[in-house]
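Novice: Let me give you the structure first, and then I'll get to my questions.
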Amino acid sequence: MGRRTGTGETATDALVTIVGGGVHGVHLAVRLLKRGLVDRSELRIVDPPGLLESFRRKCRQCGMVEFRSPFVHHVGTDPFSLRNFARTHGREDELRSTTVGAERPTASLFFDHAGRLCDRYDLESIRLDARVTDLVDRHNCVEIETTDGPVSSRWCLLAVGYGRSVAYPEWATELVSTDSVSHVWEGFDPDAVDETASVGIVGGGITAAQLATTLAQPGRDVVLFARSPFRVETLEASTDWMHFSGVTERLHAHPPASRARAELVAEARYDGTIPPYAFRRLKRALERERVELERSEIAVATEAGGTVVVTCRDGSAFCLDELICATGFGSPYDGALFRQLRRKSTLQAGYRGAPSLDDDTLRWVRDDGTPSRIAVSGVAAQQVLGPFARNVIGARRAGELIVGFLESELDGEKRRVDRYTRT
Ligand SMILES: Cc1cc2nc3c(=O)[nH]c(=O)nc-3n(C[C@H](O)[C@H](O)[C@H](O)COP(=O)(O)OP(=O)(O)OC[C@H]3O[C@@H](n4cnc5c(N)ncnc54)[C@H](O)[C@@H]3O)c2cc1C
């Protein structure tokens, strides 16, 4: 990996470095390589657990077997490639029907198709097995600090998802270091739950519903602590937001990284909802008394000798072997890398640490108002792209914008090099 410009500018290890090899990072890599903007020797993906590994693990942790989104949402560029993959491999029965829009793929179909794309572009060979701990945006490159040492790149694309930021209820914060209280996204292993355990699950959205029905096995007591009535929605927001035009102008009317934008996104998202197919499963489990529903909020929880005692606001109490919080993610700007960048970099941040991004290119804007060499895809781009920024379809839109600006920038850089080598 290496590229000398001949312009007297800093030589870098890679032309483009993608930080994060999840849905967003893999999609960016596929798009860049397919478009021929870079070749593999100029591209690097930095991710410690492996490509798509973090997402795959989350699906397993909550027992998600079917996607909520339609089959046209996947990590490739041709909308129909997942359906064609299903047809070619005789797996059309893994496209599940839905009341709204196209069929949804099973998780195994989605990941097998994504794996096939990773293999086709040999993305594993350009993955650096490390965590990025800091970035320094220079005039003509980005210096990247990793757990495997420093590297540099002309351009850096951040696709780190929530970066391990999860949300716990207040009463749980002192208990998370015990073996009995955990968060579904933090090292929770569904296979390690004892077959006869009494398990509490906290939450009322899709993750809690899926986890409850997955863990509800004969011999186990499963209590679902859901303080509010269940809300059923097919998708995470109105489909208007999926088109990334028209309605996103409402966001762009406000200053970047502003509170007004943050509130618009929060209002637009149907957070805490359950899609119909998952709700039907939960309803069946409740009717068959495989899951007990506690319609109250936990007020206090204590742990002693491997047992958690929970007292709810309605006065009811439970003794549990394990309590799992399915209470969602924290702020996407509170992951370690974003916090580090906030502390000392010259990149602009706004309300609650949101990165200030250019609406047309997703480039992070510097304090002096110029666009940096760092662009952002994923949930951290939600103030530009809206409530579907974090989703698979959001990766597509971010990919279009980022690859669009990179194409003209790389073209300009190439012309400068050609001019230099001619003189
Ligand atoms: C259970 C579940 C089900 C979902 N179902 C759907 C669905 O059906 N349809 C849909 O459209 N969306 C769905 N989503 C939302 C979204 O598509 C996923 O969250 C998706 O994983 C987001 O991709 P990402 O690449 O932004 O983040 P991630 O998948 O979290 O990937 C980020 C990657 O960045 C890496 N990383 C983080 N920090 C660093 C660092 N400092 N250095 C190097 N690497 C780093 C991580 O290791 C990780 O691999 C679902 C989400 C969850 C949790």
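The values are calculated or read from the model by the stated rules, or taken from the named source; none is laboratory data. Everything quoted here is computed from the prediction, not taken from an experiment. Cβ sites come from the backbone with ideal geometry, for glycine too, and all protein chains shown count toward neighbours. Note: accessible area is taken over every heavy atom of the protein model, side chains too, but ligands, DNA and RNA are not part of it. Shrake-Rupley method; radii C 1.70, N 1.55, O 1.52, S 1.80 Å.
Novice: Looking only at the range 212-264, how many residues end up being assigned to a helix (DSSP H, G or I) and among the polar types (S, T, N, Q)?
Specialist: 4
Novice: Could you check the range 22-53 and list, in sequence order, the residues that are buried (at least 21 other Cβ atoms within 10 Å of the Cβ) and within 6 Å of the ligand (Cβ to nearest atom)?
Specialist: Gly22, Val23, His24, Gly25, Val46, Asp47
Novice: Look through the range 189-201, keep the residues that are open to solvent by 10 Å² or more (accessible area, probe 1.4 Å) and out of contact with any Leu (no Cβ under 7 Å at 6 or more places or on another chain), and return whichever of them is nearest to the ligand (Cβ to nearest atom).
Specialist: Asp189
Novice: Filter the range 54-74 for residues that are part of a loop (DSSP other than H, G, I, E, B), of a type in the set (A, V, I, L, M, F, W, C) and within 9 Å of the ligand (Cβ to nearest atom) and give the result.
Specialist: Residues satisfying the conditions are Met64, Phe67.
Novice: Specify which of the listed residues (Asp334, Asp358) is open to solvent by 50 Å² or more (accessible area, probe 1.4 Å) and closer than 22 Å to Tyr168 by Cβ.
Specialist: Unique residue meeting the criteria: Asp334.
Novice: Of all residues in the range 326-349 being assigned to a strand (DSSP E or B) and more than 13 Å from Gln383 (Cβ to Cβ), which is nearest to the ligand (Cβ to nearest atom)?
Specialist: Among residues in the range 326-349 that are assigned to a strand (DSSP E or B) and more than 13 Å from Gln383 (Cβ to Cβ), the one nearest to the ligand (Cβ to nearest atom) is Phe329.
Novice: So, one more: Any residue in the range 300-322 that is within 13 Å of the ligand (Cβ to nearest atom) and either in the same structural domain as Gly22 (by TED's automatic domain parsing) or in contact (Cβ under 8 Å) with a residue 60 or more places away in the chain (or both)?
Specialist: At the first step, the residues of the range 300-322 found to be within 13 Å of the ligand (Cβ to nearest atom) are none.
Scanning the range 300-322, I find no residue that is within 13 Å of the ligand (Cβ to nearest atom) and either in the same structural domain as Gly22 (by TED's automatic domain parsing) or in contact (Cβ under 8 Å) with a residue 60 or more places away in the chain (or both), so the answer is no.
Novice: Follow-up question, since we're still on this one. If we keep just the residues of the range 79-107 that are in contact (Cβ under 8 Å) with a residue 40 or more places away in the chain and small (Gly, Ala, Ser), which is farthest from Gly21 (Cα to Cα)?
Specialist: Here the answer is Gly101.
Novice: Here's another thing I want to ask about it. Select from the range 1-51 the residues that are assigned to a loop (DSSP other than H, G, I, E, B), under 16 Å from Ser152 (Cβ atoms) and not polar (S, T, N, Q) and write down the one among them that is modelled with the highest pLDDT. Break it down stepwise before answering.
Specialist: If we filter the range 1-51 for residues that are assigned to a loop (DSSP other than H, G, I, E, B), which is where we start, we get 1-2, 4-11, 13, 20-22, 36-39, 47-51.
Narrowing the set further to residues that are under 16 Å from Ser152 (Cβ atoms) leaves 1-2, 4-5, 7-11, 13, 38.
Adding the requirement that they be not polar (S, T, N, Q) leaves 1-2, 4, 8-9, 11, 13, 38.
On the way: Met1: 48, Gly2: 40, Arg4: 37, Gly8: 40, Glu9: 45, Ala11: 56, Asp13: 87, Val38: 95.
In this case the residue turns out to be Val38.
Novice: Filter the range 121-152 for residues that are open to solvent by 60 Å² or more (accessible area, probe 1.4 Å) and part of a strand (DSSP E or B) and give the result. Break it down stepwise before answering.
Specialist: First, the residues of the range 121-152 that are open to solvent by 60 Å² or more (accessible area, probe 1.4 Å): 122, 124-125, 129, 131, 133, 138-139, 143, 145, 147-148, 150.
Hits for the range 121-152 are Thr133, Glu143, Glu145, Pro150.
Novice: Collect the residues in the range 153-184 that are hydrophobic (A, V, I, L, M, F, W, C), open to solvent by less than 40 Å² (accessible area, probe 1.4 Å) and either without any contact (Cβ under 8 Å) to a residue 60 or more places away in the chain or in a loop (DSSP other than H, G, I, E, B) (or both), keeping them in residue-number order.
Specialist: Ala159, Ala167, Leu175, Val184
Novice: Identify the single condition in (1) at pLDDT 95 or above; (2) within 16 Å of the ligand (Cβ to nearest atom); (3) open to solvent by 30 Å² or more (accessible area, probe 1.4 Å); (4) not hydroxyl-bearing (Ser, Thr, Tyr) that Arg352 does not satisfy, given that it satisfies every other one.
Specialist: Exception for Arg352: condition (2).
Novice: Quickly run through the range 112-159 and pick out the residues that are touching a helix residue (DSSP H, G or I) at 6+ places or on another chain (Cβ under 6 Å) and either among the charged types (D, E, K, R) or over 16 Å from Arg373 (Cβ atoms) (or both).
Specialist: Selection gives His113, Leu117, Tyr121, Leu123, Ile126, Asp134.
Novice: Please count how many residues of the range 274-324 are over 18 Å from Gly203 (Cβ atoms), among the basic types (Lys, Arg) and in a loop (DSSP other than H, G, I, E, B).
Specialist: Looking only at that region, the number is 1.
Novice: Now, a different point. Six or more apart or on different chains, Cβ under 9 Å: which pairs go from a residue in the range 122-142 that's free of Cβ contacts under 8 Å to residues at least 40 places away in the same chain to one that's not hydroxyl-bearing (Ser, Thr, Tyr)? Could you list them?
Specialist: Every condition considered, the pairs that remain are His139/Glu9; His139/Arg373.
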